[in-house]
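Q: Questions regarding the structure given below will be posed in turn.
The values are calculated or read from the model by the stated rules, or taken from the named source; none is laboratory data. Treat the numbers as computed from the prediction; the structure is a model and nothing was measured. Reconstructed Cβ throughout: ideal geometry from the backbone, glycine too, with neighbour counts over all protein chains shown. The accessibility values were calculated without ligands, DNA or RNA, using every heavy atom of the protein model including side chains. Shrake-Rupley method; radii C 1.70, N 1.55, O 1.52, S 1.80 Å.
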Amino acid sequence: MQQMTFQSLILKGLIRFGDLPAITLLPSEENLTYKELLEKTERLSYYLLRLGVGRGIHVATIIPNSLEGVIFGLAVQLCGATLVPLGENLGTREVNFILKEAKPKVVIMATQPHVSIILEYLEESNNPDVHIIGLPGFGVSYPEKFEVFQWPEGKIDLNLPISSGEDFALLSYTGGTTGTPKGVIHSQEGLGASMISASIEDPLDDRDRLLLSTPIVHSAGSLLWRALISGVHVHVMRSFNAEQFIQAIKDYRITTTFLVPTMLYRLIDQTKKMDYDVSSM
């Protein structure tokens, strides 16, 4: 029997739900069905495989909440590589430390404040197999040594590596509030089991609409992945805004979300200033 992995769960989820809505970005309302999300993810996987990405390879991403952030995270997983997600609000000291410890072969970025420290990493590595990919459309000025991402055109011949349960799927770093960040390793089998157990404990399905506004490189990302495994329609905000958040719940009939205490306090304050309807929650 084939071993359960996070890679296999994600792939099955994207295939299973076809024409159902998968992702809507707010407030632009850019959206993708599961079929469209799978097609874009496979095309990105092809792009990454041609850079040498695969099992055992670390790929760091530093991308704000966006469709690109969702798709690149999924593509790294389909390649069987190890995702190293970095928050856009991390300081250059933390990013410098993580890059030197994790040693990613590919860094995918879309944040202006981190350009210089990532360029320094590229120059110090002095390795032609290290690639820095800058994403267009985020208002970032990339050095000539970076590669600006372009979608592969034409028909692709995709041959995905098959992950084993012991492969590392995710290397996530703690905030480093009491020292340097600590890397936390999640195996393919462990992350897959976590997704399954969370789905049993708190079931979601294709009748649910999930709203996320915290960075998807952190806890919200785990909920995003679990939702996509289950056919949920996920709505992603670029960042949290209390008024827009409440309006989104009403407009899109949101059924579930992810919040931290500070956000709850702001929402309570905001409800005193506007008419609202959160009955769908």
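Q: Can you confirm whether the stretch 52-70 contains a residue that is among the hydrophobic types (A, V, I, L, M, F, W, C), farther than 25 Å from GLY183 by Cα and surrounded by fewer than 20 Cβ atoms within 10 Å (Cβ to Cβ)? Show your work before the answer.
A: Of all residues in the stretch 52-70, those among the hydrophobic types (A, V, I, L, M, F, W, C) come to 53, 57, 59-60, 62-63, 67, 70.
Add one more test, that the residue is farther than 25 Å from GLY183 by Cα, and what stays is 67.
Next cut, surrounded by fewer than 20 Cβ atoms within 10 Å (Cβ to Cβ) only: 67.
Scanning the stretch 52-70 turns up at least one residue that is among the hydrophobic types (A, V, I, L, M, F, W, C), farther than 25 Å from GLY183 by Cα and surrounded by fewer than 20 Cβ atoms within 10 Å (Cβ to Cβ).
Q: Looking only at the stretch 64-123, count every residue that is without any contact (Cβ under 8 Å) to a residue 12 or more places away in the chain and among the hydroxyl-bearing types (Ser, Thr, Tyr) and tell me the total.
A: Number of matching residues: 0.
Q: What's the total number of residues in the stretch 1-44 that are of a type outside the set (Lys, Arg) and under 25 Å from PHE149 (Cα atoms)?
A: 24
Q: Here's another thing I want to ask about it. From the set of residues in the stretch 86-105 that are buried (at least 21 other Cβ atoms within 10 Å of the Cβ) and touching a helix residue (DSSP H, G or I) at 6+ places or on another chain (Cβ under 7 Å), which is nearest to LEU51 (Cα to Cα)?
A: Going through the qualifying residues, I end up with LEU99.
Q: Can you tell me which residue within the stretch 213-240, out of those that are open to solvent by 60 Å² or more (accessible area, probe 1.4 Å) and part of a loop (DSSP other than H, G, I, E, B), is farthest from PRO21 (Cα to Cα)?
A: By that ranking, first place goes to HIS218.
Q: Let me ask something additional. What are the residues in the stretch 39-51 that are open to solvent by 30 Å² or more (accessible area, probe 1.4 Å) and either assigned to a helix (DSSP H, G or I) or among the aromatic types (Phe, Trp, Tyr) (or both), if any? It would help to see each step written out before you state the result.
A: First, pick out the residues of the stretch 39-51 that are open to solvent by 30 Å² or more (accessible area, probe 1.4 Å): 39-40, 42-43, 46-47, 49-51.
Listed by number, the residues that qualify are GLU39, LYS40, GLU42, ARG43, TYR46, TYR47, LEU49, ARG50.
Q: What number goes with the only condition from (1) more than 16 Å from the chain's Cα centre (by Cα); (2) open to solvent by less than 60 Å² (accessible area, probe 1.4 Å) that MET109 does not pass?
A: (1)
Q: On to the next question. Please work out if ASP206 is among the acidic types (Asp, Glu), under 30 Å from ILE249 (Cα atoms) and either in a loop (DSSP other than H, G, I, E, B) or touching a helix residue (DSSP H, G or I) at 6+ places or on another chain (Cβ under 7 Å) (or both).
A: yes
Q: Within the stretch 147-165, track down each residue that is touching a helix residue (DSSP H, G or I) at 6+ places or on another chain (Cβ under 9 Å), over 11 Å from ARG43 (Cα atoms) and surrounded by 11 or more Cβ atoms within 10 Å (Cβ to Cβ).
A: Residues satisfying the conditions are PHE149, LEU160, PRO161, ILE162, SER163, SER164, GLY165.
Q: Quick check on my filter: what residues within the stretch 243-268 are outside any loop (DSSP other than H, G, I, E, B), over 14 Å from LEU26 (Cβ atoms) and of a type outside the set (D, E, K, R)?
A: Answer for the stretch 243-268, where residues must be outside any loop (DSSP other than H, G, I, E, B), over 14 Å from LEU26 (Cβ atoms) and of a type outside the set (D, E, K, R): THR256, PRO261, THR262, MET263, LEU264, TYR265, LEU267, ILE268.
Q: Right, here's the next one. Six or more apart or on different chains, Cβ under 8 Å: which pairs go from a residue in the stretch 187-199 that's free of Cβ contacts under 8 Å to residues at least 40 places away in the same chain to one that's charged (D, E, K, R)? Could you list them?
A: Once the first residue is free of Cβ contacts under 8 Å to residues at least 40 places away in the same chain and sits in the stretch 187-199, its partners that are charged (D, E, K, R) give SER187/GLU166; SER187/ASP167; ALA198/ARG226; SER199/ARG226.
Table: residues versus (1) part of a loop (DSSP other than H, G, I, E, B); (2) open to solvent by 20 Å² or more (accessible area, probe 1.4 Å).
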{"site": "THR177", "(1), (2)": "yes, yes"}
{"site": "ILE185", "(1), (2)": "no, yes"}
{"site": "LEU191", "(1), (2)": "no, no"}
{"site": "ILE200", "(1), (2)": "no, yes"}
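Q: Determine if the stretch 101-114 includes at least one residue that is in contact with a Pro (Cβ under 8 Å, 6 or more places away or on another chain), closer than 30 Å to ILE15 by Cβ and either at pLDDT 95 or above or not aliphatic (A, V, I, L, M) (or both).
A: Yes, the conditions are met somewhere in the stretch 101-114.
Q: Among the listed residues PRO181, PRO143, identify the single one that is part of a loop (DSSP other than H, G, I, E, B), touching a residue at least 60 places away in the same chain (Cβ under 8 Å) and either closer than 21 Å to ILE98 by Cα or open to solvent by less than 50 Å² (accessible area, probe 1.4 Å) (or both).
A: Just one listed residue meets the conditions, PRO181.
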